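Structure first, then comments.
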Amino acid sequence: MDMNFRRHRLPIAPRLNISASFPESNHLPLTHLNFPGEPEMLELTAPSTTPLEATNWLKQVEQLGLRFAERAAAADADDHFVSENFADLKSHEFIAAGVPRELGGGGASQIELSNILRELAKYCGSTALAYSMHTHQVATAAWRWHHQQAPVDGLLKRIAAEQIILVSSGGSDWLPSSGTAVRVEGGFRINARKAFASGAPIGDLLMTSAVYEDPDAGATVLHFGVPMGAAGVTLEPTWQTLGMRGTGSHDIVLSDVFVPDAGVSLKREQGKWHLLFHIIAMVAMPLIYSVYVGVAEAARDRAIQQANHRRHDDHLQYLVGGLENELTAAKLALQHMLTTAATNQPGFNTTNQVMIGRTLAAQSVLKVADLAMEIAGGKAFYRSFELERLFRDAQAARYHPLQEGPQRRLTGQLALGCEID
């Protein structure tokens, strides 16, 4: 990779900056049962952030990012987890960035976390995406602590004090969940395979779920946390993929893992919307898609750098204009997600708007990646040029829930006034 390239210092046309001004048990619970009823959605208001705090985080990202960029190609080539980058994130207290200050963390807002993730992605998409999978869980717990007085302070304090890393199985679960929970004395025996577990090689706590066939209530999803070192938890190195190769998103296999009754933090009906998932949609999805917008920004910069010597070519100008349109659309979609999330009103209305933004952001990110490859020309096909990796990393934007098909169905149901489970 050409390490003389510094994407923050290129003498190229400026981008439209749309969102810079925004945005002690072995089984720890992800959430609890005492959810209030869903409120009506409020009128959208513009979010705000503290510029000084945001600048400090971003300065650290820039310092660390140069190291991350130097390591990115090797992680991609060998499919190995970006462990050195996570060690650097830990040493600079990024693991607890989203933990409230009152609980010992960095107190970063959702907008600040979004900006951190966008900037990280410009240097190493895998590092940013794996970090987002930890961070969105921290941010969700912090939101619940702030807005619902949920008893998650123990978990958040441990993240701040011990720098523990959370691993999510949400990518392979969502509303239906997966795996089985069988009732035994004092708790449940869990058997499951959880895919897309980003950060698994260095994770401390798997936040997951399984399905219990309750004799009275029927199929019931149990939510719980399991230490990665617990008996019956194994990691299978399955992550050999098109892109985001350094996220370490291997399969985690749970074989007769015991979860005590006290370790079950939530029980819900399988396949049905629950307030927890509206909160996750509101808090997590804007953070995850901040990564992909950052990848698109980096692809744009790399393509423009390569093509700049042909700046007077009419067809090139047309292509670059289209790229700028798509990148702006991706930023606008992300801004819409963040602005909607800032209302702090979880429910179908907010989830719908966030998921529309997720679809639009993904579409535009993928179009940016395509156009960047065309603009850069034949050199883009070489792995040494970096743009090829950015193109592959961008493809993962297709796969996070809700994917476009389910999103369009949900949006259509709401528009038509249909009942939704």
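Bear in mind that the values in this text are calculations on the coordinates, not laboratory data. Please read these numbers as outputs of a predicted model, since none were measured by experiment. Positions of Cβ are generated from backbone atoms using ideal geometry, with glycine treated the same way; all protein chains shown enter the neighbour counts.
Per residue Cα convex hull volume for the stretch 170-269, in cubic angstrom?
Taking the convex hull of the Cα positions in the stretch 170-269, it is 87 Å³ per residue.
Per q in 0.10, 0.20 1/Å, what log10 I(q)/I(0) does a Debye calculation on the alpha-carbon atoms of the stretch 320-399 return?
-0.30, -0.84
In the chain, if every C-alpha pair distance is counted and binned at 20 Å from zero, what percent goes to each bin?
In order of increasing distance, the bins hold 27, 58, 14, 0 percent.
Across 10 Å bins from 0, what is the distribution of all Cα-Cα pair distances for the stretch 275-415, in whole percents?
Computed distribution, short to long bins: 13, 39, 27, 15, 6, 0.
To make sure I understand, if each residue's beta carbon is the centre and we count other beta carbons within 10 Å, what order do LYS367, LYS90 fall in, fewest to most?
LYS90, LYS367
As an exercise, find the ratio Rg/Rh for the stretch 86-226 from alpha-carbon atoms, using the Kirkwood inverse-distance average for Rh.
1.01
So for THR140, THR411, fewest C-beta neighbours within 10 Å to most, what's the order?
Numbers: THR140 24, THR411 17.
Ranking THR140, THR411 by Cβ neighbours within 10 Å, fewest first, gives THR411, THR140.
Quick check on the chain: of the DSSP beta bridges with both residues there, what percent are antiparallel, nearest 5%?
Expressed as a percentage, antiparallel bridges in the chain total about 85.
Going down the table (LYS122/LYS367; LYS90/LYS272; LYS194/LYS367; LYS267/LYS331; LYS194/LYS267), which pairs top 29 Å between alpha carbons?
LYS90/LYS272; LYS194/LYS367; LYS267/LYS331
Set the Förster radius R0 to 51 Å, insert the Cβ-Cβ distance between GLU213 and ARG311 as r into 1/(1 + (r/R0)^6), and round the FRET efficiency to 0.05.
0.20
Give me the distance between the Cα centres of the stretch 285-305 and the stretch 96-156, rounded to whole Å.
Comparing the Cα centres of the stretch 285-305 and the stretch 96-156, I get a distance of 20 Å.
So what's the gap between the Cα centers of the stretch 168-247 and the stretch 348-421, to the nearest angstrom?
Each part's Cα centre sits 26 Å from the other's.
Kindly provide the helix-only [θ] at 222 nm of the chain, computed as the sum of -39,500 (n - 2.57) over DSSP H runs of four or more divided by all residues, to the nearest 500 deg cm²/dmol?
Counting only the DSSP helices, I get -16000 deg cm²/dmol.
Using amide H atoms built 1.01 Å from N in the peptide plane, name the residues 5+ places from ASP251, or on other chains, whose amide H lies under 5 Å from its own.
For ASP251, the qualifying residues are GLU236, THR238, TRP239.
Listed highest first by mean packing, meaning other Cβ atoms within 10 Å per residue, what order do 81-87, 285-291, 149-155 come in?
On the way: 81-87: 20.3, 285-291: 28.6, 149-155: 17.6.
Taking the mean over residues of other Cβ atoms within 10 Å, the ranking is 285-291, 81-87, 149-155.
Can you sort ILE304, ILE420, ILE202, ILE165 by how many other beta carbons sit within 10 Å, fewest first?
Values: ILE304 21, ILE420 11, ILE202 17, ILE165 24.
Ordered from fewest to most neighbouring Cβ atoms within 10 Å, ILE304, ILE420, ILE202, ILE165 come out as ILE420, ILE202, ILE304, ILE165.
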